[in-house]
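A.B. asks: Quick one: the structure is below, questions incoming.
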Amino acid sequence: MKLRDKKVFKATLAGTMTAAILTASAVTAQPQDRADAASPQTQNVILFVGDGMGAAQRDAIRLATVGEKGNLAMDAMPYVGLIHTSSTVPVTDSAASATAYASGVKTYNGAIGMDANKKSVKTIMEYAKDKGKSTGVVTTSQVTDATGAAFGAHVEDRSKQSDIALQYLTKSKIDVILGGGEDFWYPAGNPGKFQDEPAEDPSEKSKGTQGNLIDKAKSLGYSYVSNKADLQKAKGGKLLGLFSNEEMFQQKPEGEGDIYNPIVSLPEMTKKAIDTLSANKKGFFLMVEEEGTDEFAHQNNAKMTIKAGQQLDQAVQVAKDFAKKHPETLVLVLADHETGGFSIEEANAEDESGDGISKEDGPFQIVGSDHNFVVDWTTSGHTAVDVPITAMGRNAQLFTGIYENTEVFTKLKQALGIKGK
Ligand SMILES: [Zn+2]
């Protein structure tokens with residue numbers, strides 16, 4: 001043993017002993033046993049939500065990006081689990097799912113940070129704030145859309161997006177807010193930075209119900225940006241970036257005006273969020289969502305679902321690069337539910353199921369091979385199948401096994417060393 005190694009040995013003696021015990025009992029150990037042996041607290045959490053991204057979506061993204069022998073950043077992680085996704089009904093929506101992850105309760109579809117009795121439930125980001133950590137929401141959807149909202153707001157219905165925005169600023173005090181959905185921050189008649197009723201979707205226009213929330217944000221010390229150059233230049237610990245009227249893409253069936261080309265990419269937003277939040281010595285909790293994987297799956301548009309998934313994977317790589325330098329960081333990649341009944345089939349002329357938007361998409365080339373695959377769909381809605389979770393970093397071992405969505409909250413609390421209610 002070299003001197004350098006000795007120091008490491010001393011510093012991690014307790015951990016090494018725990019590891020030895022675990023190794024001895026690994027054959028019979030259940031996930032819960034491993035959870036009981038949690039290593040020291042997680043300082044930073046970066047939680048990725050591929051909205052609607054089931055196991056088959058992850059495979060299609062993999063085959064189309066790195067091929068049969070390759071590994072996506074989101075898959076090249078040491079711990080894996082499966083999550084049951086039901087809300088109070090078998091097929092969840094994003095609001096109830098994110099509320100289960102953020103607050104540990106099964107609730108009705110549409111609920112944001114509220115239980116089935118419409119009582120507010122504290123979110124993991126609010127717990128993190130109590131511990132002095134900074135918090136952030138990054139998404140290619142409206143920043144106030146269901147997934148982010150359930151981490152930083154409490155409303156009876158997900159459609160109340162201006163209420164959600166106001167709560168971000170004044171209640172949960174989320175430090176970094178980056179994504180789309182400017183329409184909910186400006187009152188009707190004030191287009192903001194993105195014009196009302198644009199050609200690509202004339203239904204988009206300002207419809208805020210809580211006054212000018214951009215002015216409000218500025219008065220509370222947020223730097224406000226609306227393009228990539230200003231985002232990169234922005235300084236300070238509180239940052240609001242809104243980069244589109246609604247979603248940062250146009251969800252349509254393939255070839256019918258479908259556009260996935262955000263003016264700031266998810267990896268770029270993720271990088272800026274991490275750079276900003278990591279200035280806090282007490283750590284941070286960041287939720288990063290790719291929304292295109294859900295909305296394009298609703299359109300049964302495999303090409304754009306895959307394209308959005310590739311951006312998510314690049315964003316995960318950004319987080320992994322940070323986590324490698326900061327091992328006290330936990331990185332998780334999961335989905336809130338599966339969308340579309342997505343499956344991967346052999347490329348042949350026969351389509352076994354569906355027509356219209358649900359007809360097979362493709363063929364897509366498997367990178368690095370002469371094989372193809374096609375994507376087939378069973379629904380334009382969500383499904384109740386389990387979704388994978390992959391994990392790396394401090395306390396990532398807690399996330400193995402097969403468990404309910406509500407347990408993600410329990411495990412996050414345990415990882416962060418949060419006790420009590
Ligand atoms: Zn959906």
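The values are calculated or read from the model by the stated rules, or taken from the named source; none is laboratory data. On a predicted model such as this, the values are computed, not experimentally measured, just so you know. For neighbour counting, all protein chains shown are included, and Cβ atoms are generated from backbone atoms with ideal geometry for every residue, glycine included.
A.B. asks: Kindly indicate the residue of region 199-226 that is at pLDDT 95 or above and among the charged types (D, E, K, R) and also surrounded by the fewest Cβ atoms within 10 Å (Cβ to Cβ) among those meeting that condition.
C.D. replies: D215
A.B. asks: Kindly indicate the residue of region 362-421 that is outside any loop (DSSP other than H, G, I, E, B) and among the polar types (S, T, N, Q) and also nearest to I61 (Cα to Cα) among those meeting that condition.
C.D. replies: So the residue we want is Q365.
A.B. asks: OK, next. Pick from S265, S226, S278: which is closer than 23 Å to K303 by Cβ and among the small types (G, A, S)?
C.D. replies: On the way: S226 fails: closer than 23 Å to K303 by Cβ; S278 fails: closer than 23 Å to K303 by Cβ.
Only one candidate passes the filter, namely S265.
A.B. asks: Looking at E360, E295, E291 in this structure, which one is free of Cβ contacts under 8 Å to residues at least 24 places away in the same chain and in contact with a helix residue (DSSP H, G or I) (Cβ under 9 Å, 6 or more places away or on another chain)?
C.D. replies: Result: E360 is the single residue among E360, E295, E291 that is free of Cβ contacts under 8 Å to residues at least 24 places away in the same chain and in contact with a helix residue (DSSP H, G or I) (Cβ under 9 Å, 6 or more places away or on another chain).
A.B. asks: Which one of the conditions (1) more than 16 Å from the ligand (Cβ to nearest atom); (2) surrounded by 24 or more Cβ atoms within 10 Å (Cβ to Cβ); (3) of a type outside the set (S, T, N, Q) does A149 fail to meet, given that it meets all the rest?
C.D. replies: All conditions pass for A149, except number (1).
A.B. asks: If you take the residues in region 355-371 that are within 16 Å of Q299 (Cβ to Cβ) and touching a strand residue (DSSP E or B) at 6+ places or on another chain (Cβ under 7 Å), which one is surrounded by the fewest Cβ atoms within 10 Å (Cβ to Cβ)?
C.D. replies: G362
A.B. asks: For residues that are under 15 Å from F409 (Cβ atoms) and in contact with a His (Cβ under 7 Å, 6 or more places away or on another chain), scanning just region 81-111, find the one that is farthest from the ligand (Cβ to nearest atom).
C.D. replies: So, considering only residues that are under 15 Å from F409 (Cβ atoms) and in contact with a His (Cβ under 7 Å, 6 or more places away or on another chain), the one farthest from the ligand (Cβ to nearest atom) is T85.
A.B. asks: Please pick out the residue among K303, K272 that is out of contact with any Ser or Thr (no Cβ under 9 Å at 6 or more places or on another chain), in contact (Cβ under 8 Å) with a residue 12 or more places away in the chain and within 20 Å of Q142 (Cβ to Cβ).
C.D. replies: Testing whether each residue is out of contact with any Ser or Thr (no Cβ under 9 Å at 6 or more places or on another chain), in contact (Cβ under 8 Å) with a residue 12 or more places away in the chain and within 20 Å of Q142 (Cβ to Cβ) leaves just K272.
A.B. asks: Can you pull out the residues in region 347-359 that are touching a Phe, Trp or Tyr at 6+ places or on another chain (Cβ under 9 Å), on the phi < 0 side of the Ramachandran plot and away from the ligand (no atom under 16 Å from the Cβ)? Break it down into steps so the answer makes sense when it comes.
C.D. replies: Our first condition is that a residue be touching a Phe, Trp or Tyr at 6+ places or on another chain (Cβ under 9 Å); within region 347-359, this holds for 347, 353-354, 357-359.
Then drop every residue that is not on the phi < 0 side of the Ramachandran plot, which leaves 347, 353, 357-359.
Residues satisfying the conditions are A347, S353, K359.
A.B. asks: Quickly run through region 252-280 and pick out the residues that are surrounded by fewer than 22 Cβ atoms within 10 Å (Cβ to Cβ) and of a type in the set (S, T, Y).
C.D. replies: S265, S278
A.B. asks: Hey, can you tell me all the residues within region 395-419 that are within 18 Å of the chain's Cα centre (by Cα), farther than 15 Å from F151 by Cα and among the aromatic types (F, W, Y)?
C.D. replies: F399
A.B. asks: Can you find a residue that is surrounded by fewer than 19 Cβ atoms within 10 Å (Cβ to Cβ), within 17 Å of the chain's Cα centre (by Cα) and under 23 Å from K411 (Cβ atoms) anywhere in region 58-65?
C.D. replies: no
A.B. asks: Wholly within region 123-179, which helices (runs of 4 or more DSSP H) include no fewer than the required count, namely at least 1 residues that are closer than 10 Å to I112 by Cβ? So that I can check it myself, show each step before the final result.
C.D. replies: On the way: elements: 124-130, 146-152, 161-170.
Ranges flagged: 146-152, 161-170.
A.B. asks: Check whether at least one residue in region 342-357 is closer than 25 Å to T139 by Cβ and modelled with pLDDT of 95 or more, and report yes or no.
C.D. replies: yes
A.B. asks: If I ask for residues that are touching a residue at least 40 places away in the same chain (Cβ under 8 Å), of a type in the set (A, V, I, L, M, F, W, C) and in a loop (DSSP other than H, G, I, E, B), which ones from region 109-122 would you list?
C.D. replies: Once the filter is applied, which keeps residues that are touching a residue at least 40 places away in the same chain (Cβ under 8 Å), of a type in the set (A, V, I, L, M, F, W, C) and in a loop (DSSP other than H, G, I, E, B), region 109-122 yields only A111.
A.B. asks: Taking the criterion of being more than 16 Å from the ligand (Cβ to nearest atom) and farther than 23 Å from K131 by Cβ, would at least one residue in region 275-283 satisfy it?
C.D. replies: no
A.B. asks: Name the single residue that is nearest to the ligand (Cβ to nearest atom) among those in region 372-405 being under 30 Å from E256 (Cα atoms) and exposed (fewer than 15 other Cβ atoms within 10 Å of the Cβ).
C.D. replies: Selected residue: G381.
A.B. asks: Further question: For region 227-249, which residues satisfy the criterion of being more than 19 Å from V288 (Cβ to Cβ) and surrounded by fewer than 20 Cβ atoms within 10 Å (Cβ to Cβ)?
C.D. replies: N227, A229, D230, K233, K235, G236
A.B. asks: While we're on this one: Among the residues of region 39-54, are any within 16 Å of the ligand (Cβ to nearest atom), modelled with pLDDT of 95 or more and of a type in the set (V, I, T)?
C.D. replies: Checking region 39-54: at least one residue is within 16 Å of the ligand (Cβ to nearest atom), modelled with pLDDT of 95 or more and of a type in the set (V, I, T).
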